Amino acid sequence: MATKTRNSGRSLHLFANPARFLRFARKIFPWVAIVAAVCIIAALVLGLGVVPADNLQGDAYRIIFVHVPASWMALMIYVIMALASAAGFIWRHPLADLVAKSSAPIGACFTLISLVTGSLWGEPIWGTWWVWDARITSMLVLLFLYLGYIALNNAYDDPTKGARASAILALVGVINVPIVKFSVDYFNTLHQPATFSKFDRPSMDPSMIAPLLIMVVGFIAFYLVVLIIRLRAEIAARRIRNLRLAQVGNQGANG
Amino acid sequence: MVTAFFSLVRQDFRLALRGGIGSLVAVIFFVIAVSLFPLGFGPESTLLERVAPVILWVCALLATMLSLGRMFDEDYEDGSLEVIALGPLPLEGVVLAKVLAHWLTTGLPLMCAAPVLALMLNMSVEGFAVLMIALALGTPILSLVGSVGAALTVGLRRGGVLISLLVLPLYVPVLLFGVGAVEGAIFGLGERAHLLILAGGLVIALALTPWASAAALRMALE
């Protein structure tokens, strides 16, 4: 029994020490940055230049290599944010709150990129800049959830309280993620159904899948790069705050 | 514990009644906001009856959002929320009691005003019954989900606007299915599916939101 409880929380407690996390981050940061740069540039070159044009849409479809990975990232980051919020809420893991807080702006930007590229793609293909179909509306709702999360986090002076309040909001909003994912299957509206499924072969030409997947890997690496930068900033800000509080406490004790 | 629940509801209701006109701010806003639309459209417009369900639902949503601030704020500020939290009723029960009181003073008056306003907007006759059922299912959802937003921002200085931003993503489905139900009845497309989804949403909200609101209140009372 004793060994079981000792080992079960090991990976979670591994990064509870911010100093150990910062050492780990310093080691992997250059590699992640290189992977991000290489993959994004490769995907852009392949997607915009090398891959042949679509037989129905011509060259306009190439925005798919930015639009689809951005949408996947927007959803994935929300799930990560919700999981980190749950970990911070339940186990009071010190880094989990910071991971959630740092991921929110990145996720909001990816959602915005997805909506804007989708709008730019829709204009020549569907003839309209915007349409209120199920998936697009629920992605807009996702953007509002991100913005609400950021607003709630910053509304509290005490960062711990702010983190816990926005954790509740993130967990309540998780219900939107399956709605976005499955809305194209259940509501028969304008946005096309899913191309990738676990059980069937993808309905897209194999040569076009490669840049898409490379871009996803590049975006994930980019997310990690920005996350590490933001986490370093959050840990430093927390240290400054603790130092200031200790300073005020000492003045109060001496003065 | 049941007596504690109902005594809390009765206390809140009595406080709202004694508050006079101020507690009816939601209904008054609802009536005023809906009245602006026919004035804007002008007398000769046939567009008004086409958009009547949407106007009613959007204004009901906005009116409820306005009234959410007073759910927990006054009790938090004068300390009675802490006293209630120490009582025999668990915090989730307290949240449910407050939501019930809020619905009795906001949702129910909205439902009473809605048919009169629907007449004013020239809404088709087929939609009235479904409008009442949809509002009866939807306004409790609005109060329940709104309690999460109110609990998360209790005691904050600039909490009022933030509540609207927080609950808006969760109010959108209620709006979609509420309007869908009424328009389904008017145009003969069938309202049953929308009403069933609203009922399902009410059950989910009843099951999940008290826990979220209680967690937020516990955090605020620390």
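Each value in this text was obtained by applying a stated rule to the coordinates, not by laboratory testing. Here the structure is a predicted model, which means the values were calculated and not measured. Using ideal geometry, Cβ is built from the backbone for each residue, glycine included, and neighbour counts are taken over all protein chains shown.
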| field | Local electrostatic count at residue B:10 - Lys and Arg +1, Asp and Glu -1, tallied over other residues with Cβ under 13 Å | value | +2
| said: Could you check the spin-label model distance between residue B:2 and residue B:222? Points 7 Å from the Cα along Cα→Cβ, value in nm. | reply: 3.6
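May I ask for the net charge around residue A:162, where only other residues with Cβ less than 15 Å from the Cβ of residue A:162 are counted and Lys, Arg are +1 while Asp, Glu are -1?
Details: positive: A:92, A:101, A:161, A:164, A:238, A:241, B:157, B:158; negative: A:97, A:157, A:158, A:234, B:222.
Net local charge, residue A:162 excluded: +3.
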| Can you give the mean number of other chain Cβ atoms that lie within 10 Å of the Cβ atoms in peptide A:164-170? | 6
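Beyond 19 Å, what percent of the Cα pairs of the range B:64-132 remain?
On the way: 1181 of 2346 pairs.
Here the tail beyond 19 Å accounts for 50 percent of pairs.
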| said: Under 5 Å between amide hydrogens, which residues at least 5 positions from residue A:54 or on another chain qualify, with H placed 1.01 Å from N in the peptide plane? | reply: A:61
| Whole-Hz couplings from phi, Karplus 6.51/-1.76/1.60, listed for the range B:32-46; x for Gly and Pro | 5, 4, 5, 5, 5, 5, x, 5, x, 6, x, x, 8, 7, 8
| Test item: A:148-154 mean partner chain Cβ contacts at 10 Å | 4
| Residue-averaged beta-carbon neighbours from other chains (10 angstrom radius) around B:163-175 | 5
| task | Using a 10 Å cut-off on Cβ atoms, rank the peptides A:26-35, A:74-83, A:172-181 from the highest mean neighbour count down. | result | A:74-83, A:172-181, A:26-35
| task | Starting at the first residue of the range A:133-141, write each ³J(HN,Hα) from the Karplus equation 6.51 cos²θ - 1.76 cosθ + 1.60 with θ = phi - 60°, in whole Hz, x for Gly and Pro. | result | 8, 4, 5, 5, 4, 6, 5, 5, 4
| said: Through the Karplus equation 6.51 cos²θ - 1.76 cosθ + 1.60, θ set to phi - 60°, convert the phi angles of the range A:66-82 into ³J(HN,Hα) values in whole Hz; use x for Gly and Pro. | reply: 9, 5, 5, x, 5, 5, 4, 5, 4, 5, 4, 5, 5, 5, 4, 4, 5
